[in-house]
Structure formats: structure tokens, C-alpha cells
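Heads up: the structure comes next, in C-alpha cells.
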Amino acid sequence: MRTFGKSSKLDHVLYDVRGPVVDEANRMEEMGMKVLKLNIGNPAPFGFTAPEEVIQDIRHNVVDCQGYSDSRGIFAARKAVMQYAQIKNIPNVTMKDVYTGNGASELIQLSLNALLNPGDEVLIPSPDYPLWTACTNLAGGTAVHYICDESSDWYPDLEDIESKVTPKTKAIVVINPNNPTGALYSRELLERLVEIARRHELIIFSDEIYDRLVMDGEEHISTASLAPDLFCVTFSGLSKSHMVCGYRVGWMILSGNKDLAKDYMEGINMLSNMRLCSNVPGQSIIQTALGGYQSVNEYIVPGGRIYEQREFIYKAINDIPGLSAVKPKAAFYIFPKVDTKKFNILNDQQFALDFLREKRVLIVPGSGFNWKEPDHFRLVYLPRVEVLSEATEKLGQFLTEYRQK
């Protein structure tokens, strides 16, 4: 008898940001329990709204968005992204080098499918945004994780990266600003990362979806701006900066020395054509969103919601005995460390499940971000301060008596 089951290709794919702990939370909600979800960086449920001009723009344009666009995207959207690349000092970018996507996530998968043959390796940070690891594995490649050092503001460990480059290494992934840690990388660090890529002739994949959510007067620097002689692929979008996750608006930019990647670019074109195009109504707002008033700037300065919620959560976490955290500089995540000896924690997923079941608060265990030790979790600080205060109070209460069996 013919049977249908789990593909062996999926056996080694991890995506626990929406995995077993989330499944349990959904089950609890179906039973009528109220769960505070601090697991996904979706601003809409927490009262963040898109800029009014963006909402008006999609209303105005939707009647003209019923057909396919060019597989790369509509002209106005690609032109706006090209101009944005110029502002970010990303070199050698033309209209043909910009691809729109149904969020950056779709383009991450497309870019890895176009690159990897079985056994090819990609250097990916640990902790990572797990889509990078999952897509690498699904494309037949091997994810090789380099360590980010918590004691150095979660900066990548350059020596660890060097030690993990092999003849099979094809690319290095840089996530800056970082999810899940909220780290923001300095120019000096990026220059050293680029030098490693240069020395080993690696493609650079730079995930910069949070580049407009930077606090404390810091500057975001695009990795590609430091690598005009290398081939780089830069990913960004509107989901986070313009609070429109559901619109699914992302893009990728090919830059630098494109002579190094002619065959690869042909593969990208083929895969892009196969999916026809990305969401046309979503594309229609890119020009207005990038060229208009950047309302996100109000959130990331003192007095702004994201800034003040960051300030609160950082102090609240560090005030709980047995927890500590590095202060995030960007995005809206914090990645606290748990004293595993104090709480006898051997399994971080079990820790997250126990907390969920007892206090009805949903967090993501660090292993969901390919962190190898059971001593971290990610918490989203998008809720208002009073909600975060309730959540951290519950966490403190939970930990006063928690010991994993």
C-alpha cells in the first residue's frame, strides 16, 4: 500500500519559533484559556499600526493590482529600493538587482535554493533567526553555526568563524540588527567579517530587516557597503519598520562584484520567474513607505513605545534572581540567560512549556534559535509596559519555586 508521511528532508529541519511550545499555547487557547504571546515579532496585536499614508496608498492602488507584475517586482517599488540602497551606500545596484518578495522570508528560501548543492555549507550565527538554518537544510546544504559571544555584546566570534570555514563553505550569513539578541554590529566588526568572506571567497547574505529600528543614536551600516569587491545579497522589508507584517513586503538586493555570481544570478532569475511574482498590492506601497515620513522614528527614541519598553524589560529581567540579559540596541527582542544550575534546567523547551502551562505566558526557548545550551529564551517586548510588567512579575513568581525534574 502506498503511504504518505513525513519527508526525510524535513527530519533535520528545526523551526521551533512556531513549534511544540506554540502548539501547546494554541491548544490552551482552544480550551478557552488566555495566553500572552511573547514569541513572535508581529507588532499589530500589540496596538502598533501602519503609517496612515501607507494604508491610504494600498487602498488607492489595490484596484490596479489585479494582475501579475514583473517577476522581480513593479517598477516603482524596485526603483524605490534601488534608491534606498544608494542611501545605504550599497554599491553597484541597478533596477535589475532588486527583487521583491512575500516578505524577506520567501527570498531567503529562494536565494539558498539557487545556491546550494548537496553538502555545500553555509556559515550561520548561533543564536540565529531559525529560517536561515531551516532553508539551508531544505535546500540540501549544511548549516554550520558560528558562535555569537554574549560577553561581547553578542558580537560574532571571528576566530570561531575562521575555524569553521572549509572548502565546502559557500556563504556566510550576517544578521544585523540581530534577531534574537537585539545586537547591532559596529563598522569595525563588519569590516573584519567582510575580510573573512574576502579571504575565503564567500557570498555574503546580510539580513537587515530591522535596520530602521536602531536605538540610542546608533547607526546601522549595511554589510554590502563595505564589500564592493564581493558578491552580496542584502535582505530587508517593511514588515517591522512599518508595522505591516501581514502585507508581506520584502526585498533583496544583489550588489558588489556580480561577475563572481553569474550562474547564481541566473538561478535566482529562474526561481523568481517560477513563482510569477510577489504580492502586487504589497509592492505598491514600497515607494510611499520608503519615501514618506518614517513614523517608526517616534517609537525608538526616549518617550517612544519601543524605546521605553526596551528600557523596562532590560531592567525587569535583570532584577529577577537567576536571570541576566545584555541590553538590546535594536529590533524588539531580548535574549535572557537563565542560571541553569540554580533551577536545575536541562531542557529549555520543557522550561518554556512549564512556564506556559503555569502562568499562561508564551516565550521561545533558546534552542529554537539553534543555541546549543538550555540556558536562554527569547522574549518579545512589543506589549505595553503594564503588560510586560505583568509578564515579568509572573516570570519572577514562577522562578521562585521552579526546579526542573
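From the list 264, 247, the one residue that fits, being out of contact with any strand residue (DSSP E or B) (no Cβ under 7 Å at 6 or more places or on another chain), open to solvent by 10 Å² or more (accessible area, probe 1.4 Å), farther than 22 Å from residue 112 by Cα and not hydrophobic (A, V, I, L, M, F, W, C), is 247.
Whenever a residue of the range 31-49 is assigned to a loop (DSSP other than H, G, I, E, B), its partners that are of a type in the set (Lys, Arg), lying with C-beta atoms within less than 7 angstrom and at least six residues away or across chains, give the pairs 33/360; 34/360; 35/360; 41/240.
Test residue 172 against the criterion of being assigned to a strand (DSSP E or B) and open to solvent by less than 10 Å² (accessible area, probe 1.4 Å), and give yes or no. Criteria met by residue 172. Being in contact with a helix residue (DSSP H, G or I) (Cβ under 7 Å, 6 or more places away or on another chain), among the basic types (Lys, Arg), farther than 15 Å from residue 213 by Cα and open to solvent by 10 Å² or more (accessible area, probe 1.4 Å) is a description that does not apply to residue 275. Taking every residue in the range 331-353 that is farther than 19 Å from residue 36 by Cβ and pairing it with any residue that is open to solvent by 40 Å² or more (accessible area, probe 1.4 Å) and assigned to a loop (DSSP other than H, G, I, E, B), at least 6 positions away or on another chain, the pairs with Cβ-Cβ distances below 7 Å are 343/403; 344/403. Of the listed requirements (1) in contact (Cβ under 8 Å) with a residue 40 or more places away in the chain; (2) farther than 23 Å from residue 86 by Cβ, residue 292 misses just one: (2). Tell me, yes or no, whether the range 82-95 has at least one residue that is more than 19 Å from residue 295 (Cβ to Cβ) and of a type in the set (Lys, Arg). Yes, the conditions are met somewhere in the range 82-95.
For the range 300-307, the condition of being touching a residue at least 12 places away in the same chain (Cβ under 8 Å), open to solvent by 10 Å² or more (accessible area, probe 1.4 Å) and in contact with a His (Cβ under 7 Å, 6 or more places away or on another chain) holds for none of the residues.
Has the range 282-296 got at least one residue that is open to solvent by 10 Å² or more (accessible area, probe 1.4 Å), within 23 Å of the chain's Cα centre (by Cα) and at pLDDT 95 or above? Taking every residue of the range 282-296 in turn, none turns out to be open to solvent by 10 Å² or more (accessible area, probe 1.4 Å), within 23 Å of the chain's Cα centre (by Cα) and at pLDDT 95 or above. Testing residue 125 on (1) farther than 16 Å from residue 203 by Cα; (2) of a type outside the set (Ser, Thr, Tyr); (3) surrounded by 23 or more Cβ atoms within 10 Å (Cβ to Cβ), one condition comes back false. Which one is that? Unmet for residue 125, out of (1) farther than 16 Å from residue 203 by Cα; (2) of a type outside the set (Ser, Thr, Tyr); (3) surrounded by 23 or more Cβ atoms within 10 Å (Cβ to Cβ): (1). Condition check: in a loop (DSSP other than H, G, I, E, B) and within 18 Å of residue 85 (Cβ to Cβ). Does residue 241 satisfy that? Yes: the conditions hold for residue 241. Pairs are defined by a Cβ separation below 9 Å, a sequence spacing of at least 6 or placement on different chains, a first member in the range 252-270 that is of a type in the set (Phe, Trp, Tyr), and a second member that is in a helix (DSSP H, G or I); the pairs so defined are 264/111; 264/114; 264/115. Going by what's in this entry, would residue 236 be described as among the hydroxyl-bearing types (Ser, Thr, Tyr) and not in a strand (DSSP E or B)? Here the answer is no, as residue 236 does not meet what is asked. One residue is enough: does the range 346-363 have a residue meeting the conditions among the basic types (Lys, Arg) and buried (at least 22 other Cβ atoms within 10 Å of the Cβ)? Within the range 346-363, not a single residue is among the basic types (Lys, Arg) and buried (at least 22 other Cβ atoms within 10 Å of the Cβ).
The values are calculated or read from the model by the stated rules, or taken from the named source; none is laboratory data. Worth saying up front: this structure is predicted, and the values here are computed from it rather than measured. All Cβ positions, even for glycine, are placed from backbone atoms using ideal geometry, and neighbour counts span all protein chains on display. For the accessible areas, the whole protein counts, side chains as well, though only heavy atoms, and no ligand, DNA or RNA atoms are used. Shrake-Rupley method; radii C 1.70, N 1.55, O 1.52, S 1.80 Å.
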